[in-house]
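The values are calculated or read from the model by the stated rules, or taken from the named source; none is laboratory data. Model, not experiment: these values are computed from the prediction. All Cβ positions, even for glycine, are placed from backbone atoms using ideal geometry, and neighbour counts span all protein chains on display. Side chains are part of the model used for accessible areas, which takes the heavy atoms of the whole protein and leaves out ligands, DNA and RNA. Shrake-Rupley method; radii C 1.70, N 1.55, O 1.52, S 1.80 Å.
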Amino acid sequence: MPTTAPAFADVTASDSTLRRFLHGLPGVDAVGLEGRAASLGTRSIKTTAKAYAIDLAISMIDLTTLEGADTPGKVRALAAKAVNPDPTDRTTPTTAAVCVYPDMVATAKEALKGSDVKVASVATAFPAGRAALPVKIADVRDAVAAGADEIDMVIDRGAFLAGDYMKVYEEIRAVKEASGSARLKVIFETGELSTYDNIRRASWLGMIAGADFIKTSTGKVAVNATPANTLLMLQAVRDFREQTGVQVGVKPAGGIRTAKDAIKFLVLVNETTGEDWLDSHWFRFGASSLLNDLLMQRQKLATGRYSGPDYVTVD
């Protein structure tokens, strides 16, 4: 098992020291947090900046299909769209990744051969995370063996909400080790954590345990990514880097469907963490339908009019 960074060796020495650290984090001012997120969401973006933001958002998408009815054909079609989002305009950026279940990783990897698009795989009994640790580790190893570049794991929310932080910490560490060179995104399912204080604690717990990204949601519950919970996680990664020198990415997922929404999130990034995070290596959107609206808005900026309904593929 890899060791914890020296800065947090004492913090993770026992259940009690980990609990003391997490509960010693400053409480979240909910009114202030939501007010700040709402205020940043009203920023006006001019035409040139909007064009840049749309292309940046496209390049940050983990184009996702996570359905029981997924087929190899659907995954190959999604991969083709990720590599060439707009066949009529080859200047359109590729997406960052295609995100699939572990059994579809090999299909996605083959379809994306020769491109820079990564293959991300959800694992650890996604989306509920209700499985024994050996099962979760086997899930991760299968995905990595099939060629996954990135692993999106879910934490045990039941253990977290019960205050068993050490169990969550140790699971993240075990998954990090099983992931090998694949980057690890740790999903909190913020809609189930109930409070902003819990989201802040989960963010720090994930980063201490070695997350390369912290991610809001699975997209499978009623409340997914929001400007407020994403802002809180951005503040956490900013503060973590200030304290440790280690940079961690952020991925809001679920419910971000329009270019307008995506640009609001990019403003949050710029104003909270700065330009260092305005790159697909450090910020992602977990989305399926978002790409279509970004392509429509991009075409509108280029031609002055919206295309017909057949301009983009139906996912």
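Quick check for me: using +1 on Lys/Arg Cβ and -1 on Asp/Glu Cβ, what's the dipole size of region 112-252 about its Cα centre, in debye to the nearest 20?
Charge dipole of region 112-252: 120 debye, to the nearest 20.
Please report, in cubic angstrom per residue, the volume enclosed by the convex hull of the alpha-carbon atoms of region 110-176.
Once divided by residue count, the hull of region 110-176 is 84 Å³.
Work out how far the C-alpha atoms of region 30-151 reach from end to end along every principal axis, then list the three figures in whole Å, largest first.
Extents along the principal axes: 48, 45, 23 Å.
Once ligands and nucleic acids are excluded and a 1.4 Å probe is used, how much of residue 43 is accessible, expressed in Å² to the nearest 10?
110
Mind checking which aspartates and glutamates have their C-alpha under 16 Å from residue 46, skipping anything on the same chain fewer than 8 residues away?
Once the sequence-local aspartates and glutamates are set aside, what remains near residue 46 is 55, 261.
With runs of 4+ DSSP H residues as the only contributors, calculate the mean residue ellipticity of the chain at 222 nm using -39,500 (n - 2.57) per run, divided by the residue total and rounded to the nearest 500.
For the chain, the value works out to -14500 deg cm²/dmol.
Answer rounded, prolate or oblate for region 187-299, using the Cα gyration tensor with square roots of eigenvalues a ≥ b ≥ c: rounded when a/c is under 1.5, else prolate when a/b is larger than b/c, else oblate.
The shape class here is oblate.
Residue 64's amide H: which non-local residues (gap 5+, or another chain) put their own amide H closer than 5 Å, with H modeled 1.01 Å from N in plane and none for Pro or chain starts?
99, 287, 288
Just the number: Rg to Rh for region 83-214, Cα atoms, Kirkwood Rh, two decimals.
1.03
Can you tell me the accessible area per residue over region 137-243, all protein chains present, probe 1.4 angstrom, in square angstrom?
31
Please report the projected area of the chain's Cα convex hull averaged over all directions, in nm².
Approximately 15.6 nm², given one-decimal rounding.
Using a Gaussian network for the chain with springs between C-alpha atoms less than 10 Å apart, which of these wobbles most: 228, 236, 13?
Comparing 228, 236, 13 in the GNM, the peak value goes to 13.
On a 0 to 90 degree scale, rounded to 10, what angle separates helix 30-40 from the longest Cα axis of the chain?
On a 0 to 90 degree scale, this one is about 20.
Determine the distance separating the Cα centre of region 154-223 from the Cα centre of region 24-95; give it in Å without decimals.
21
Quantify, in whole percent, the carbon and sulfur part of the accessible surface of the chain (1.4 Å probe; protein heavy atoms only).
Result for the chain: 52 percent of the exposed heavy-atom area is carbon or sulfur.
Can you tell me which of 180, 286, 147 moves the most in a GNM of the chain? Springs connect C-alpha atoms under 10 Å apart.
Among 180, 286, 147, the largest GNM mean-square fluctuation belongs to 180.
State, as an integer percentage, the relative contact order of region 56-192 based on alpha-carbon contacts under 8 Å between residues 6 or more apart.
That works out to 19 percent.
How far is helix 133-145 tilted off the main Cα axis of the chain, in degrees rounded to 10, range 0 to 90?
For 133-145 against the chain, the angle is about 40 degrees.
Using only the Cα atoms of region 1-63, what are the Rg and Dmax in Å?
Spelled out, the Cα radius of gyration and Dmax of region 1-63 are 20.1, 53 Å.
Taking only Cα atoms and a 10 Å spring cutoff, compute GNM fluctuations for the chain and point out the largest among 54, 199, 45.
Per the Cα network of the chain with a 10 Å cutoff, 45 tops the list.
Excluding residues fewer than 8 places away in the same chain, name every one of the lysines whose C-alpha is closer than 27 Å to that of residue 220.
Reachable lysines: 74, 81, 109, 118, 136, 167, 176, 185, 251, 260, 264.
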